[in-house]
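Notes follow once the structure below has been shown.
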Amino acid sequence: MDHIYMYMLIALGFLAIADLIVGVSNDAVNFLNSAIGSKAVSFKTIMIVASLGVALGALSSSGMMEVARKGIFNPSEFMFDEIMIIFMAVMITDILLLDFFNTLGLPTSTTVSIVFELLGASVAIAVLKIMAPDSGQTLLDLGKYINNGKAIEIILGILLSVVVAFSIGALIQFVSRLLLSFDFKNKPKYYGAIFSGFAITSILYFILIKGIKNAAFMSGDLKAMINDNNWALLGIGFVFFALISMALISLLKADIYKIIIVVGTFALAVAFAGNDLVNFIGVPIAAFDSFNVAQASGVDPESLRMTSLSQAIPTQPVLLLIAGLVMVLTLWFSSKAKAVVKTSVDLSRQDDVNERFEPNFLSRYIVRLSINLSDAFNTLLPDAATRYINRQFEHTRVPASVKTKDMPAFDLVRASVNLMVASVLISIATSMKLPLSTTYVTFMVAMGTSLADRAWGSESAVYRVAGVLSVIGGWFFTALSAFVAASIMAVILFYGKGYALTALLILAVVLLSKNYITHRKQSKEQKVENTLQKAESSSTQGVIVESADNIANVIKRGNRIYTGAVNGLATHNLKLLKKNKAQIDKLSNEIEDLRDNIYYFIKNLEDPSVNASNFYISILSYLQDMTQSLTYISNASYKHVNNNHKKLKFSQIKELKDIDAHLEDLFNTTKIAFESGSFELIGTVLDEKSKFFNLVTEKIQIQVERTRAEESSPKNTTLYFSLLLETKDLLNATMSLLEEYYNAHDASVKPARITATNGDASV
């Protein structure tokens, strides 16, 4: 047999391992977000439980491998060489596509990507076969190459899962909250026992029974017993687990909801590995089986029809075990796996959060329509029913102050429902050998429970709906890009053979390495670049001491941004100015976050310390004034260079450099004062206030005389005057900020702070 196929097989083996890593990095949040969002147990415990679930699920996923072999195309219509091209195109596309989304920190569906990649590559090869001069076929014959019925069934199942998961999640959460309310820990014990019995029975039945009944270690008699006694097993399981839960609650004072979350995390990890392992290794295993058949047949690769792929061949347990081990190691060590959960958790968060997505016309329309429908529905209910429902949904909000990051995004009841519903839906699909998207199911269940739990209030609904629409839009982009990219890869491999394969593999290695380096660089930059911290103190002196790091941070970054704008103008460096714009946008957003926190900061103040709010509001106002001036300077400089206007005169650049040097001295001295806590040093800076203002005023006067005496560009003159005036505003805001600190600081007063344990101020 030609060595190129051995070459392909070896390449597919390495791609399978890489695909497992990038795939799990993207999909890990599907079974971790509920446990992490509720903070039911420690992160280490969550990871151990999830690892055990992934290992068991991997061993039980053999039946799902059929999807990669014959779920999308009819293998009997393709020759061995064509099958290998299809599999090669799919794997190269899959790993590049998933790594691209991982690098951006965006969750996508590995199921959707693999299905549409198989569809795209097989369609491309089928079209090439049909268009061959001696084929005697037309495009109408395309249907015999593609498994239309199964492909449509899979695609409709994936799309339908969005609606089903959202609806069932919302319904179960609504009923659960009516039963348990937000005060669920003070409800009668049997409430929790009944809920636990239902939840754990559902999870264990569908996951540990339905999910693993196709595993090699399940005997035929045991499978028959399960199939013949479904309802009896459900009834016995409910009674058994309800009684066990009641005993745990009564005798051991156990938090049954935490137990449900641990069991649910394990179950969802089992379902994930059982359902999604085919996405990562199904294609390489199918290629390995094809290679063995071709090698044993002795037939020419271009003449051997791959009818053998239509037969059910169980996957060797050792391969499943190795795949499960790679998935577990990825869970523990992949930094990208820990970076994708934020979107899902924030969109389902019960309290307020800095919304990531901007509202659009569609999200506003959906929210407005939902409000009208809700109001109309409420008019149909009796007043007593409405009052009861509202009472069950009332809960004491913990103020989202400085410790918001340490608080759970949602409570244990919602986390339990998320895990229970998602596990059941995915397991049913797995038992039916449908590659349901775990991303779609877990995300939409979380969104449905959030809606039912009234987490999307009037303050956040348009943002949350916009976020959901954005994520769903990204899923459709995944499908389209997977289909197109795999088609292109297949065509390149079809004509380029070994040379094209080598080139594509080199391209894949280069892109993966580049993305890895970029991700590490960005992670390091995020660690090095300090972000602004919200205030914790409940007194003026406490805020002064505590916010000193914020001021030093703003001063340091502001100095860098101003210098970057001047240097970018001096050299007409558009790339530098563009980077400068991104830096000031980030700083402005952080200060806006601090302003958004004012409400919670004031709510936490002690009555005698209300003066701290005036000080805090004032310094935030001055910080915002500083960033507005820097934003204008940066944007105006970028616009000038981007529009290819004439460079500033040498004399103008020299004057800007002079101002920049003086500002750098000012900012460095100020930064040292705040970093060291030497507020007396601020007085030294304020003594030179007039010197800095006189310098800028002098430059303005020089430019006025220059404009009258010399012929110059109107654009240059306008830009230069704007820069000088904004520099003056920047100085004014900086000096006002320093005066506020200098006048308010009192070294004899010990600052009061809010403790992290109970929220009380201590002196």
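Taking amide H positions as modeled 1.01 Å from N, with prolines and chain starts lacking one, the residues under 5 Å from Phe73 and 5 or more places away or on another chain are Asn147.
The figure for Phe174 is an accessible area of roughly 80 square angstrom, using a 1.4 Å probe on the protein chains alone. Take Arg364: with every protein chain present and a 1.4 Å probe, its accessible area is about 110 Å². The length gained by stretching the chain between Ile488 and Gln295 to full extension, at 0.36 nm per residue less their Cα-Cα distance, is 66.6 nm.
Taking R0 as 35 Å, what FRET efficiency do you get between Asp221 and Leu243 from their Cβ-Cβ distance, rounded to the nearest 0.05? All intermediate terms of the calculation are to be shown ahead of the outcome.
Details: r = 28 Å, r/R0 = 0.80.
Result of the calculation: an efficiency of 0.80.
For the ranges 659-670, 79-90, what's the packing order if you count other beta-carbon atoms within 10 Å of each residue, average per peptide, and put the highest first?
Details: 659-670: 17.7, 79-90: 26.2.
Descending mean neighbour count gives 79-90, 659-670.
Taking θ as phi - 60° and the Karplus parameters 6.51, -1.76 and 1.60, the scalar couplings of segment 238-245 work out to 4, 4, 4, 6, 5, 5, 4, 5 Hz in sequence order, x denoting glycine and proline. For segment 365-373, the Karplus equation 6.51 cos²θ - 1.76 cosθ + 1.60, evaluated at θ = phi - 60°, returns couplings of 5, 5, 5, 4, 5, 5, 5, 5, 5 Hz by residue, with Gly and Pro reported as x. Once both labels are positioned 7 Å from their Cα atoms along Cα-to-Cβ, the gap between Leu142 and Tyr7 label points is 3.1 nm.
Simple spin-label estimate for Trp332 and Leu171 gives 4.2 nm between the two label positions (7 Å along the Cα-to-Cβ direction from each Cα). The residues Val491, Val49, Val509, Val554, sorted by heavy-atom accessible surface at 1.4 Å with ligands and nucleic acids left out, run Val509, Val491, Val49, Val554 from largest to smallest. For the pair Leu321 and Met131, the difference between a 0.36 nm per residue extended length and the Cα-Cα distance amounts to 64.1 nm.
The modelled label-to-label distance between His572 and Lys187, using points 7 Å beyond Cα along the C-beta direction, is 7.1 nm. For Arg387 and Ser303, the difference between the fully extended length at 0.36 nm per residue and the C-alpha to C-alpha distance is 22.9 nm.
Could you order Trp231, Trp332 by accessible surface area, starting with the largest, using a probe radius of 1.4 Å? Show your work: numbers first, answer last.
On the way: Trp231 210, Trp332 95 Å².
Sorted by accessible area, descending: Trp231, Trp332.
The values are calculated or read from the model by the stated rules, or taken from the named source; none is laboratory data. Predicted model, so just to flag it, every value in this text is computed and none were measured. Positions of Cβ are generated from backbone atoms using ideal geometry, with glycine treated the same way; all protein chains shown enter the neighbour counts. Surface accessibility is based on the protein's heavy atoms, side chains included, excluding ligands, DNA and RNA. Shrake-Rupley method; radii C 1.70, N 1.55, O 1.52, S 1.80 Å.
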